[in-house]
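Peer 1: Dropping a structure here in structure tokens format, bear with me for questions.
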Amino acid sequence: MITLTIDNREITAKEGATLLQVCLDHDIYIPHLCYLEGMEHAAASCRLCFVEIEGVAGPVTSCTTIVKEGMVVKTDTEVVRHLQRASLQLLLSVHHVDCAHCPANRKCALQDMAKFLKVGLKPKYLEQHLKEPEIDQGHPYLDYYPNRCVLCGRCVLVCKNSHDRPFLTFAKRGLDTVISFYEEDRAEMPCDECLACVEICPVSALMKRKVG
Amino acid sequence: MTKQNNSDEERIILEDIESRLSSFGKDRWNLIPILQMIQTRHHYLPADAIRMVANYLDIAACEVYGVATFYNQFRFNPPGKHPIQVCLGTACHVSGGDIILENFERKLGIREGETTEDREFSLERVACVGCCALAPVAVVDKIVHGRMAPSKVEGLLLGFQIEKEKQERAKRSDESNL
Ligand code: SF4
Ligand code: SF4
Ligand code: FES
Ligand code: FES
């Protein structure tokens, strides 16, 4: 066990744990999207989980930081909040904000973070970039909503973890990046019974298709 | 008829790919070299080829697709008889290249990266083709057209249509002369 200080609180943690996990375990909330408990290599792609550490130049992502004895961490500095707001606003600028009609309403990671960071859901200074079409029905069992998706990659990760050959992937790049499937023999797809990706998605961008 | 031709054509492509796969190792880092081999030989990656490559390397087809879509060099539709490339490099982008692309898309009824059903035209975006002074630029049948404008898009396509009609008329009169 090691001891470190987070927001002036003394905390003991297991060696080798990530700073983000330690904070979350001690009810110190840090906005994050792409991290999943137990992941081996954090993708660190959402750029939300910043903290400042004494003696380290500049803010760092807490999901990629391993706790160290005597570390002094601040999760609530002005610089950190500034970065987090910017990341969230960029995400919202490519998000179709339509909470009233969204199944994630009130259990949505974006709403929670916006409230926490005091950011409006419709960023004023950024243009909206939405993708077409609104729904991708290429998968035999799932509907994918690219304009809800925050590209956190959790779905790809859980799919990879539970099947040797995953059925989901990132496709394209830049502003066009989407989660994609590749047409396979429907009979060989376990998705109907699995739905791990639907469950893990923080914004209901993957949904089981309603039949009939 | 054309359907039949298309699948015959695809079968030949797939056989060619299959015969060449064995010259590549089975480690996953062979994926991009294999895709490049297919793209160079056949100018696009047929859907069944993606599955074939996935099986060969023992990885998921969606992973192959994910990697292939990341790079602009890979196409997923067979090239048209008249390939159209719209430049969206910096100079062309700022002088309205996207409007030209959108014009082609609307007039041909296809999106960038697609091929018309009759296989006459395929449309793609490219980065700087090296004649920025002529921006916005489109390359049609390997011929550079500078200072593109919506009216020129219309004119180009009309030209192809007239040419095609002429050929058809000539063919018909040949047949009736027999
Ligand atoms: S579909 Fe959901 S889980 Fe997957 S990347 Fe998008 S937001 Fe994340
Ligand atoms: S339902 Fe399961 S198998 Fe299908 S894509 Fe989602 S995680 Fe993968
Ligand atoms: S959770 Fe750390 S960068 Fe996304
Ligand atoms: S940017 Fe189009 S030719 Fe250079």
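Every number in this text was worked out from the coordinates using simple rules, so none of it is lab data. Values in this document were obtained by computation on a predicted structure and should not be read as measured data. FYI the Cβ positions are ideal-geometry reconstructions off the backbone, even for glycines, and counts take in every protein chain you see.
Peer 1: Check cross-link reach from A:K131 to the lysines: straight Cα distance under 29 Å, and skip same-chain residues fewer than eight apart.
Peer 2: A:K107, A:K115, A:K118, A:K122, A:K160, A:K172, A:K208, A:K210, B:K107, B:K152
Peer 1: Near the amide H of B:R125, under 5 Å away, which other amide H atoms are found, from residues 5 or more places off or on another chain, if H is placed in the peptide plane?
Peer 2: Here B:V86, B:G113 satisfy the definition.
Peer 1: Here is a further query. Counting only Cα atoms, I'd like the Rg/Rh figure for chain A, Kirkwood definition for Rh.
Peer 2: 1.00
Peer 1: Nearest-5 percent of antiparallel DSSP beta bridges in the range B:82-176?
Peer 2: 55 percent
Peer 1: Let me know the mean shielding of A:175-187 by other chains, meaning the per-residue number of their Cβ atoms within 10 Å of its Cβ.
Peer 2: Per-residue shielding by partner chains comes out at 3.
Peer 1: Which shape class applies to chain B: rounded if a/c is under 1.5, otherwise prolate when a/b exceeds b/c and oblate if not, where a ≥ b ≥ c are the square roots of the Cα gyration tensor eigenvalues?
Peer 2: oblate
Peer 1: Could you derive backbone 3J(HN,Hα) for the range A:140-149 from the dihedral phi with the Karplus parameters 6.51, -1.76 and 1.60 (θ = phi - 60°), listing whole Hz in sequence and x where the residue is Gly or Pro?
Peer 2: x, 10, 10, 9, 10, 10, x, 7, 9, 4
Peer 1: With no other cysteine's Cβ closer than 4.7 Å, which Cys residues of chain B count as lacking a disulfide-compatible partner?
Peer 2: B:C62, B:C128, B:C131, B:C132
Peer 1: Further, regarding this structure: Which distance in nm do the two modelled labels at B:F24 and A:Q128 give, with both placed 7 Å along the Cα-to-Cβ direction?
Peer 2: Each label point lies 7 Å from its Cα, and together they span 4.2 nm.
Peer 1: Still on this structure, please answer the following. Classify the range A:52-164 as rounded, prolate or oblate from the Cα gyration tensor: take a ≥ b ≥ c as the square roots of its eigenvalues, call it rounded if a/c is under 1.5, otherwise prolate when a/b beats b/c and oblate if not.
Peer 2: Oblate.
Peer 1: Follow-up question, since we're still on this one. Where in chain A are the DSSP H helices whose alpha-carbon span along the long axis reaches 15 Å or more and whose Kyte-Doolittle mean is at least -1.0?
Peer 2: Helices meeting the criterion: A:78-93.
Peer 1: Give the average, rounded to an integer, of partner chain Cβ atoms located within 10 angstrom of each Cβ in A:154-164.
Peer 2: The shielding value for this peptide is 1.
Peer 1: Would you mind checking which residues have amide H under 5 Å from A:F50's amide H? H placed 1.01 Å from N; only 5 or more apart, or other chain.
Peer 2: The answer is A:S62.
Peer 1: So what J values fall out for the range A:62-72 if you push phi through Karplus, 6.51 cos²θ - 1.76 cosθ + 1.60 with θ = phi - 60°, rounded to Hz, Gly and Pro as x?
Peer 2: After applying 6.51 cos²θ - 1.76 cosθ + 1.60, I find 6, 6, 10, 9, 8, 5, 10, 3, x, 4, 10 Hz.
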